[in-house]
Amino acid sequence: MSPKSLRATAVDALTLEEAREEHQALQAEIAEHDRRYYQEDAPVISDAQYDALRRRYEALERRFPDLASPESLTRKVGAKASEKFAKVRHRVPMLSLDNAFAPEDVAAFVERIRRFLNLPADAPLVFTAEPKIDGLSLSLRYEKGRLVTAATRGDGTEGEDVTANARTVGDIPPILRGPDVPEVCEVRGEVYLSHQDFAAINERQAAAGKPLFANPRNAAAGSLRQLDASITASRPLRFFAYAWGEMSALPAKTQCGVVECFARWGLRVNPLMQRVSGLDEMLAYHRKLETERATLGYDIDGVVYKVDDLSLQQRLGFVSRFPRWALAHKFPAQKAVTVLEDIEITVGRTGSLNPTAKLKPVTVGGVVVSNATLHNEDYIKGIGGDGLPIRGGVDIRIGDTVVVQRAGDVIPKVLDVVLEKRPPDSKPYQFPTVCPACGSHAVRELNPRTGKEDSVRRCTGGLICPAQARERLKHFVSRNAFDIEGLGAQRIDEFYDAGFVRAPQDIFALERRNGELRLEEREGWAETSVRNLFAAIRARRSIELHRFIYALGIPHVGETTAKLLARHFGTFENLRATALAAADRTSEAYAELTNIAGIGEVVADALVEFFREPHNEEMLDALLAEVTPRAVEQAVSHSPVAGKTVVFTGSLEKMTRDEAKAMAERLGAKVAASVSKKTDLVVAGPGAGSKLDKARELGVKVIDEDAWFALAGQGA
Ligand code: IVH
């Protein structure tokens, strides 16, 4: 769907009658897009297209102020901001939490911590337990006690500056008071709306004929991310403080202690937080909170456990995006029953044929669901990933009454079939064996490692398949990749259809070719939007290395892996040369890849395959002629081990191997699994064997655990 009402005629050339007509049409259209965006979370046009509609609408009102009735969207709230907030870089990343659903997952979490810290089974281990608030996280930076910035989480590294809006929230004090408020104090917590206030807001929305918010979290997010802070001020947002970022000094030694200080300084903290010790108490807290959930007056979606002792938190550190010392124990997912009206197959970036259930819309836990995943062909047939029957072997058919489940932010899924309601004439679903996009054969490959048939059916069309090419392009411009402002999925479709962009490098040729393409003459475009687009593309000619790697869409290389690779190799040339040399699996290069902590053979093989494919080589050369991935600056660490490649071997006595590894990485060292010419240092404990021999043979420096501590302690 593309914007319908944008006219080519300049606003200045319109009569009042024409303007009124267009204004009305635009109003309906924008309201519809608002509804899709806010209620269904399923926008059908890009941000840029939406912005173009808004701008035209506003231009009409500027020229004919009479059009701006009280019903006008320019007087309404809850619409998507058409301009953008300034960005704020988080000095300490805002991380996410690892999730658990089953008690066993919680047990495994506690066990993992004990093992990591090498705690005896009977040593006490205290956690805090508190509700997981279903809102949006916010980081408040106080300097000398004064609130200076408030930023949303964004991608965890960079958020949006919503300071003016945060100042209107009653629970967020402009000044922290207390003798022990640190000079720099970044308080983190959750912005949310109470059920009562949410209902009142939606009532007001309805009375004004405006779109309703789907749930309190969406309403809180929509209210905080308003360019006009007076709108935020009219919404009774609330805030609970539960964590922190940069702190020039810590006022206590425990999680509980710091949160108590927050309360003393004037912040609001959750009254249900308490200390628990051991698995039984943790699970009891979870059970109790689940029964109280409905009476709290605000949405929560689980319990968060955190190791209380901050020195232990420090030792535990982080794994990729999660702290090792915290866990979100979610409440069970919410379910509903509805009818499966159709099955739609879309083709993914790697050619996977993905089945989506088109459902009769149904409310699941407060959100209207009309699409749900069906995973893959086997899942529809009633076969699980291990080849064994699921749902008692019952298949899923069009026309079936099905159970749908939604858990948190996860895509809803079809869980089960109500067999008694199956229509008598229904037939098993025939999964397509040709690609719906290009007609190529779609096959299930044999996995060479396991000898098993892949559960995913893939289009064999490769680069000739337009669906794959499109998805790759969409991935290329996605938020964690090139993230080009004004070039979202819809624009990619538009440019792809027009034949302007068929491969990533074409994006960077658009401006050069515009003499012939004349984008500004296309529907939905204007001089300014084209100029802005070119500026946004130009700005991305220099890009962070990890974004560049991620954007390539190499199978199995997600954001975290891309970051590991960027950090290890520093430059794209290094990565490419190593991946090419690694085609020989017995080479040093292959060993170097698999030696990177967090990277195994699956990723190494995918890299090898990707880089040696001639089409990809061509694409990379063309792309690198346009774009420069920025070399990674190594984290500033004054430690003598920063930048060194370290191997641990033998048994360590003062800390576990995992902890030693995490510590080395914190200091900027790379930890490898085996010794090679590139190893700078081997830390050998008692019982070290072949790795120690290899180190001696290669003349690599070997030290013992005490010497390692002495070294790691320097400059830290
Ligand atoms: S602690 C480093 N505590 O859950 C740990 N998070 O899934 C920082 N959340 O992004 C988070 N209630 O927005 C923490 N009591 C709580 C929370 C909480 C809600 C949110 C938060 C975070 C998300 C992670």
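The condition (being touching a Pro at 6+ places or on another chain (Cβ under 9 Å), over 22 Å from residue 537 (Cα atoms) and surrounded by 15 or more Cβ atoms within 10 Å (Cβ to Cβ)) is satisfied by just one residue among 606, 642, 581: 606. Going through (1) over 24 Å from residue 265 (Cα atoms); (2) in a strand (DSSP E or B) one by one, residue 213 falls short only on (2).
Cβ-Cβ distances below 6 Å connect the following pairs, each with a first residue in the range 263-283 that is without any contact (Cβ under 8 Å) to a residue 24 or more places away in the chain and under 15 Å from residue 128 (Cβ atoms), a second residue that is of a type outside the set (Phe, Trp, Tyr) and within 16 Å of the ligand (Cβ to nearest atom), and a separation of six or more residues or different chains: 263/269. Once the range 91-117 is narrowed to residues that are acidic (Asp, Glu) and either in contact (Cβ under 8 Å) with a residue 24 or more places away in the chain or surrounded by 18 or more Cβ atoms within 10 Å (Cβ to Cβ) (or both), the residue that is farthest from the ligand (Cβ to nearest atom) is 105. Test residue 221 against the criterion of being part of a helix (DSSP H, G or I), of a type in the set (A, V, I, L, M, F, W, C), in contact (Cβ under 8 Å) with a residue 12 or more places away in the chain and within 16 Å of the ligand (Cβ to nearest atom), and give yes or no. The answer is yes for residue 221. Meeting the requirement of 1 or more residues that are closer than 30 Å to residue 469 by Cα and in contact with an Asp or Glu (Cβ under 6 Å, 6 or more places away or on another chain), the strands (runs of 3 or more DSSP E) wholly within the range 603-716 are 628-630. Of the listed requirements (1) under 24 Å from residue 332 (Cα atoms); (2) modelled with pLDDT under 95, residue 443 misses just one: (1).
Taken over the range 118-162, residues that are more than 16 Å from the ligand (Cβ to nearest atom), at pLDDT below 95 and outside any loop (DSSP other than H, G, I, E, B) amount to 1. When residue 250 is tested against (1) within 24 Å of residue 479 (Cβ to Cβ); (2) not in a strand (DSSP E or B), exactly one condition is not met: (1). None of 231, 172 is over 23 Å from the mean Cα position of the chain (by Cα), surrounded by 22 or more Cβ atoms within 10 Å (Cβ to Cβ), more than 15 Å from the ligand (Cβ to nearest atom) and among the β-branched types (Val, Ile, Thr) except 172. For the range 539-562, which residues satisfy the criterion of being under 15 Å from residue 594 (Cα atoms) and in a helix (DSSP H, G or I)? 561, 562, listed by residue number. Here the strands (runs of 3 or more DSSP E) wholly within the range 291-351 that include at least 2 residues being within 12 Å of the ligand (Cβ to nearest atom) are 300-307, 326-330.
The values are calculated or read from the model by the stated rules, or taken from the named source; none is laboratory data. The structure displayed is predicted, hence computed values, not measured ones. Reconstructed Cβ throughout: ideal geometry from the backbone, glycine too, with neighbour counts over all protein chains shown.
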